[in-house]
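Novice: Structure below; questions to follow.
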């Protein structure tokens, strides 16, 4: 397996390529081939990831409260987020899996990809120290952190609007995404909200949820 292609994808050249191989070695492969899996590296990488993301939030988002920083970190350091990052670097093409995992498309499982991503973080740290590790983590997470930080403080206007409109009985409130524009890393969404088929307001945001919240907020202003 040509791991130099993965090195290009992640933007880091290993001094000890065996560390990268171990980071990509699933327990199923390790068991079949009597070698060490990525479990211990994943354990270390998880701790490094939490520290670096916490430090980045502390230094760059002074406006966020402690609870808000915790929510932002939890939203970007999770299985869904990390497995997507692993997919974006084509980790699935480089994983060392046992026969059963290969047969069951284990290279596409979110948990497997998340573990490999965290293990690679530890491998970079052990190979080159903290600076390249921070660089790798921040470059991969800063966009998600920025988006999450904008959403974390948003009041749940959708709930407030629903309570206001249903004060005299049940109504049908519908949100529709009417437009989507911009590159994948910086999408803009437009949403409209209707009540019993009647248009109330539009809202824009950098996520579908944010756009819907903004539409609800504007509807409340109008009402």
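The values are calculated or read from the model by the stated rules, or taken from the named source; none is laboratory data. Here the structure is a predicted model, which is why all the values come from computation and not from measurement. For neighbour counting, all protein chains shown are included, and Cβ atoms are generated from backbone atoms with ideal geometry for every residue, glycine included.
Novice: Do we have residue 180 as more than 24 Å from residue 80 (Cα to Cα) and either surrounded by 11 or more Cβ atoms within 10 Å (Cβ to Cβ) or not assigned by TED's automatic domain parsing to the domain that holds residue 118 (or both) here?
Specialist: No; evaluated as a whole, the condition is false for this residue.
Novice: Going through 171, 160 one at a time, which residue ends up being more than 24 Å from residue 81 (Cβ to Cβ), in a helix (DSSP H, G or I), modelled with pLDDT under 95 and touching a helix residue (DSSP H, G or I) at 6+ places or on another chain (Cβ under 8 Å)?
Specialist: Testing whether each residue is more than 24 Å from residue 81 (Cβ to Cβ), in a helix (DSSP H, G or I), modelled with pLDDT under 95 and touching a helix residue (DSSP H, G or I) at 6+ places or on another chain (Cβ under 8 Å) leaves just 160.
Novice: Output the residues belonging to segment 183-198 that are touching a helix residue (DSSP H, G or I) at 6+ places or on another chain (Cβ under 7 Å) and either surrounded by 12 or more Cβ atoms within 10 Å (Cβ to Cβ) or part of a loop (DSSP other than H, G, I, E, B) (or both).
Specialist: 189, 190, 191, 192, 193, 195
Novice: Just to check your reading of the model, which residue among 20, 64, 85 is under 21 Å from residue 135 (Cβ atoms), touching a residue at least 24 places away in the same chain (Cβ under 8 Å) and within 21 Å of the chain's Cα centre (by Cα)?
Specialist: Exactly one residue qualifies, and that residue is 85.
Novice: Being surrounded by fewer than 18 Cβ atoms within 10 Å (Cβ to Cβ), in contact with a helix residue (DSSP H, G or I) (Cβ under 6 Å, 6 or more places away or on another chain), in contact (Cβ under 8 Å) with a residue 60 or more places away in the chain and over 19 Å from residue 151 (Cβ atoms) narrows it down to one residue among 15, 9, 38; which is it?
Specialist: 15
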